[in-house]
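Down below is the structure, laid out as structure tokens.
The values are calculated or read from the model by the stated rules, or taken from the named source; none is laboratory data. Here the structure is a predicted model, which is why all the values come from computation and not from measurement. Because the Cβ atoms are built from the backbone with ideal geometry, glycine has one as well, and the counts that use them run over all protein chains shown. Areas reflect the complete protein model, heavy atoms only, side chains present, ligands, DNA and RNA absent. Shrake-Rupley method; radii C 1.70, N 1.55, O 1.52, S 1.80 Å.
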Amino acid sequence: MMREKPTQLRTIHHSENPTEKPMKKILASIIASILGCGLALAQVGNTPVVVGGGGGGALQPAIALDSDGAPVSLPIGSLSQLKGWALEQVTAGEIGMSCPSLADVPGTVTNYGLPRDPAEVPNRFAARLLSQRFSFSLFDVRDWINVQARLSSDRSTLFEGSYPTKVYDMPGGGTGFRIQGLEMRLSAMIRFPVGNVTNALLYHRDQWGNVEYVIPLYVYDGGLYFPSKYAGTDGQIVTWVRRPNGAGYSQVAYDLKGNGSRILPTAASGTTSGAIENSFDLDVTAQDGVIRYFFVTAKVGWGNTPAVVRIVVTGTPTSNAAIIVPSVLVGYDGRLMGVPTSATLRREGAGLDSTQSVPVRQDGSVRLDLPPGTYYLGLDSEIYREYLPQPTIEDGNNDGKGGPQIEPVKG
């Protein structure tokens, strides 16, 4: 048939099954009777377990809370666990259509909203919601029409589906559209009622178990919004819970595997040791006629800097300490990298302009004759510049102290 001009209104009717055949009615009746079954049994080991069931009884509490108002567990252990929980929570549904050239005329029907009785099987409720008829008019039949549907619980979309279509000439006359098999899919973001939880972080781990990234989860007015794709993945959700009566906060973690159960922290301890890299101390007593040897093996690697020896000389004011400092540069694999090429000496407390150059022998050693006092001997080599990282702006952004920011000790 000929299309009319866009300025003219077209009244359009849509039916899900306008020409349903008797055999389809029989099949629909069989499917409905299957979906309406009260219980089904599955064998687990030697114990029969009730599964499925849809008929009878009120909805179960969405998520159980403990005395602090924190969830006992979350339905995040797998996608199937999350989907099953979502099916159980469905209380209502909506379906509607939209189009840019939709006309506001009497008799227009473009949306429906239905409540679900707790005794109604979720699949049957979805089928009832999606079996609707729309009546509408368009200014321009060339425009796309978008049909959207959702199943929800209190303040949360659990399943949703959409289908874009255009109107066309229907068999038997008239203009409209016919959509069969509109799928309702698990929502990408599902709201969990979580009591007194105020903040939450999702830790996603890679195939080796390392934290790959951390996602702050949105928590608002007692609800936590969870991205469905992470159910059953390797990781955790860590929450902060406001205790009743102003008793502070508690921290509760949940496993993204393992049925979404709580994670009990593992007590541990650690010890540390170490030193400033390539920094050495030498204490000597000045003794005439005695030469002290102090061997320095300086490491060359990422982040290392030239060796500095702090020398403390004790003795009478008129005595000097004779010191020879042989030095070599060694890589972390034990490979010899060379010897110092220059050296400097400065007495502690003296101005920087008092720094003196010290001759370096061909074998990398230096000889010193020092009266009592404290000195800093620097053994330099240009090779170290190759291993120093390029500084970033963060390196100097620690409240003016420079270096990386370190979290304060908690406890």
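Scanning the range 259-314 for residues that are on the phi > 0 side of the Ramachandran plot and in contact with a Lys or Arg (Cβ under 7 Å, 6 or more places away or on another chain) yields one hit, N278. Out of everything in the range 64-75 that is part of a loop (DSSP other than H, G, I, E, B) and either open to solvent by 60 Å² or more (accessible area, probe 1.4 Å) or free of Cβ contacts under 8 Å to residues at least 60 places away in the same chain (or both), what residue ends up being farthest from H204 (Cα to Cα)? Top of the filtered list is S67. If the condition is being in contact with a strand residue (DSSP E or B) (Cβ under 7 Å, 6 or more places away or on another chain) and without any contact (Cβ under 8 Å) to a residue 24 or more places away in the chain, then the range 236-259 contributes Q251, A253. When you look at E183, is it within 30 Å of Y387 (Cα to Cα) and either in contact with a strand residue (DSSP E or B) (Cβ under 7 Å, 6 or more places away or on another chain) or modelled with pLDDT under 95 (or both), yes or no? Criteria not met by E183. When T271 is tested against (1) without any contact (Cβ under 8 Å) to a residue 24 or more places away in the chain; (2) surrounded by 10 or more Cβ atoms within 10 Å (Cβ to Cβ); (3) not small (G, A, S), exactly one condition is not met: (2). Candidates in the range 298-350 are the residues that are assigned to a strand (DSSP E or B), under 45 Å from the mean Cα position of the chain (by Cα) and not hydrophobic (A, V, I, L, M, F, W, C); of these, the one that is farthest from F280 (Cα to Cα) is G331. In the range 212-235, the qualifying residues are those that are touching a residue at least 24 places away in the same chain (Cβ under 8 Å) and open to solvent by 40 Å² or more (accessible area, probe 1.4 Å), and the one that is farthest from W85 (Cα to Cα) is D234. Close Cβ contacts (under 6 Å, 6 or more residues apart or on different chains) running from residues in the range 366-379 that are of a type in the set (A, V, I, L, M, F, W, C) to residues that are open to solvent by 10 Å² or more (accessible area, probe 1.4 Å) and in a strand (DSSP E or B) comprise V366/V358; L377/L345. When N146, N199 are checked against the criterion of being farther than 27 Å from V105 by Cα and in contact with a strand residue (DSSP E or B) (Cβ under 6 Å, 6 or more places away or on another chain), N199 stands alone in meeting it.
From the list T305, T297, which residue is over 12 Å from L377 (Cβ atoms) and surrounded by fewer than 16 Cβ atoms within 10 Å (Cβ to Cβ)?
On the way: T305 fails: surrounded by fewer than 16 Cβ atoms within 10 Å (Cβ to Cβ).
The unique qualifying residue is T297.
Residues in the range 178-200 that are crowded, with 19+ Cβ neighbours inside 10 Å and β-branched (V, I, T): I190, V194, V197.
Here's the yes/no breakdown for (1) of a type in the set (S, T, Y); (2) in contact with a Cys (Cβ under 7 Å, 6 or more places away or on another chain); (3) surrounded by 20 or more Cβ atoms within 10 Å (Cβ to Cβ):
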{"site": "D117", "(1), (2), (3)": "no, no, no"}
{"site": "F134", "(1), (2), (3)": "no, no, yes"}
{"site": "S137", "(1), (2), (3)": "yes, no, no"}
{"site": "Q148", "(1), (2), (3)": "no, no, no"}
{"site": "S153", "(1), (2), (3)": "yes, no, no"}
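Restricting attention to the range 95-115 and to residues that are over 42 Å from the mean Cα position of the chain (by Cα) and without any contact (Cβ under 8 Å) to a residue 24 or more places away in the chain, the residue that is least open to solvent (accessible area, probe 1.4 Å) turns out to be P106.
Which one is nearest to the chain's Cα centre (by Cα), of the residues in the range 125-166 that are small (G, A, S) and assigned to a strand (DSSP E or B)? Talk me through it step by step, then tell me what you get.
Let us first name the residues in the range 125-166 that are small (G, A, S), namely 126-127, 131, 135, 137, 149, 152-153, 156, 161-162.
If we keep only those that are assigned to a strand (DSSP E or B) as well, we get 135, 137, 149, 152-153, 156, 161-162.
On the way: S135: 45, S137: 47, A149: 30, S152: 26, S153: 26, S156: 22, G161: 27, S162: 28 Å.
It comes out as S156.
In this structure, does Y203 turn out to be in contact (Cβ under 8 Å) with a residue 12 or more places away in the chain and open to solvent by 40 Å² or more (accessible area, probe 1.4 Å)? Yes. When Q287 is tested against (1) farther than 30 Å from Y203 by Cα; (2) touching a residue at least 40 places away in the same chain (Cβ under 8 Å), just one condition goes unmet, and that condition is (2).
For S78, the criteria (1) modelled with pLDDT of 90 or more; (2) surrounded by fewer than 19 Cβ atoms within 10 Å (Cβ to Cβ); (3) in contact with a Leu (Cβ under 7 Å, 6 or more places away or on another chain) hold in every case but one, which is (3).
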